[in-house]
Amino acid sequence: MRVLLVEDYEPLRKSLEQGLSEAGYALDVAADGEEGLWYALGNDYDVIVLDLMLPGVDGLSILRKLRARKKDAPVLILTARDTIHDRVTGLDCGADDYLVKPFAFEELLARVRALVRRNYNKKSSQIVVEDLRIDLNTQQVYRGDRLIQLTAREYGLLEYLAVRAGEIVSRTDIWEHLYEFNSSAASNVVDVYVGYLRKKLQSEGKPSLLHNVRGRGYLLGARP
């Protein structure tokens, strides 16, 4: 999943950047409001983590401009402002969640996961596709009783296909949700990782769950 982090305080920004990257998110990072707004308007994100007190353009202005442009990515506000008025203002401007500094990284990660689920209309932290089970919290994947070991990139691909299970997902969609803005990955990297993932998901005597739909993309689930 692709996340935009907009935070000007360097120690916190670096800490969150490391933590979110290690959690498997494709991450774009902005250190001021102007850069953050440029990223947010020009790309589609699964979650935007947005500080309010930013140089250039403040967080609430970014939020208002996003919603005015019909950009509906879930937004998690980070702020030291903890009054009821501040929270209400942020939520009324279109924020989806609000986290007051200082906070534990584990809580931020849990809120990001919850916003991703909400964005794809998934109420449960588990996704089941035929006999494939994916736990979005622990990132564990089972086919039947077999635990499947995946790399962070393979898991990210599977998670994105799983939240859209039963849909044909184009290579462009996969690229835009799994790779950072300035990624140097090769143009065929999506096909390569789909190949890796298909092999790991395959179980002897069981049908394939990951299908190539010629000219359109990929589908996770029973072939229509």
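The values are calculated or read from the model by the stated rules, or taken from the named source; none is laboratory data. Nothing here was measured: the structure is a model prediction, and the numbers come from that model. Here Cβ is always computed from backbone atoms with ideal geometry, including for glycine, and neighbour counts include all displayed protein chains.
Details
Rundown of residues vs (1) in a strand (DSSP E or B); (2) farther than 20 Å from Tyr179 by Cα; (3) among the hydrophobic types (A, V, I, L, M, F, W, C), yes/no style:
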{"residue": "Pro102", "(1), (2), (3)": "no, yes, no"}
{"residue": "Glu107", "(1), (2), (3)": "no, yes, no"}
{"residue": "Arg113", "(1), (2), (3)": "no, no, no"}
{"residue": "Lys122", "(1), (2), (3)": "no, yes, no"}
{"residue": "Ile134", "(1), (2), (3)": "yes, yes, yes"}
{"residue": "Asn137", "(1), (2), (3)": "no, yes, no"}
{"residue": "Tyr160", "(1), (2), (3)": "no, no, no"}
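- Being in contact with a Ser or Thr (Cβ under 8 Å, 6 or more places away or on another chain) and not assigned by TED's automatic domain parsing to the domain that holds Tyr196 is a property that does not hold for Val112.
Every residue, every condition in (1) surrounded by fewer than 16 Cβ atoms within 10 Å (Cβ to Cβ); (2) under 16 Å from the mean Cα position of the chain (by Cα), yes or no:
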| position | (1), (2) |
| --- | --- |
| Arg118 | yes, yes |
| Ser125 | yes, yes |
| Asp131 | yes, no |
| Leu136 | no, yes |
| Gln139 | no, yes |
| Tyr142 | yes, no |
| Arg146 | yes, no |
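- Residue count for the range 190-205, restricted to those that are surrounded by 11 or more Cβ atoms within 10 Å (Cβ to Cβ) and at pLDDT below 85: 1
- Top-ranked residue in the range 1-49 [being assigned to a loop (DSSP other than H, G, I, E, B) and in contact (Cβ under 8 Å) with a residue 60 or more places away in the chain; ranked as surrounded by the fewest Cβ atoms within 10 Å (Cβ to Cβ)]: Asp44
- Of all residues in the range 30-55, those satisfying the criterion of being over 20 Å from Val100 (Cα atoms) and within 14 Å of the chain's Cα centre (by Cα) are Ala40, Asn43, Asp44, Tyr45, Asp46.
- Filtered by the rule that a residue be exposed (fewer than 15 other Cβ atoms within 10 Å of the Cβ), touching a helix residue (DSSP H, G or I) at 6+ places or on another chain (Cβ under 7 Å), under 27 Å from Gln139 (Cβ atoms) and of a type outside the set (A, V, I, L, M, F, W, C), the range 60-114 gives no residues.
Listed here are the residues, each with its yes/no results for (1) under 20 Å from Ala80 (Cα atoms); (2) not charged (D, E, K, R).
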{"position": "Met1", "(1), (2)": "no, yes"}
{"position": "Ser15", "(1), (2)": "yes, yes"}
{"position": "Ala31", "(1), (2)": "yes, yes"}
{"position": "Glu35", "(1), (2)": "no, no"}
{"position": "Trp38", "(1), (2)": "no, yes"}
{"position": "Gly42", "(1), (2)": "no, yes"}
{"position": "Leu50", "(1), (2)": "yes, yes"}
{"position": "Ser61", "(1), (2)": "yes, yes"}
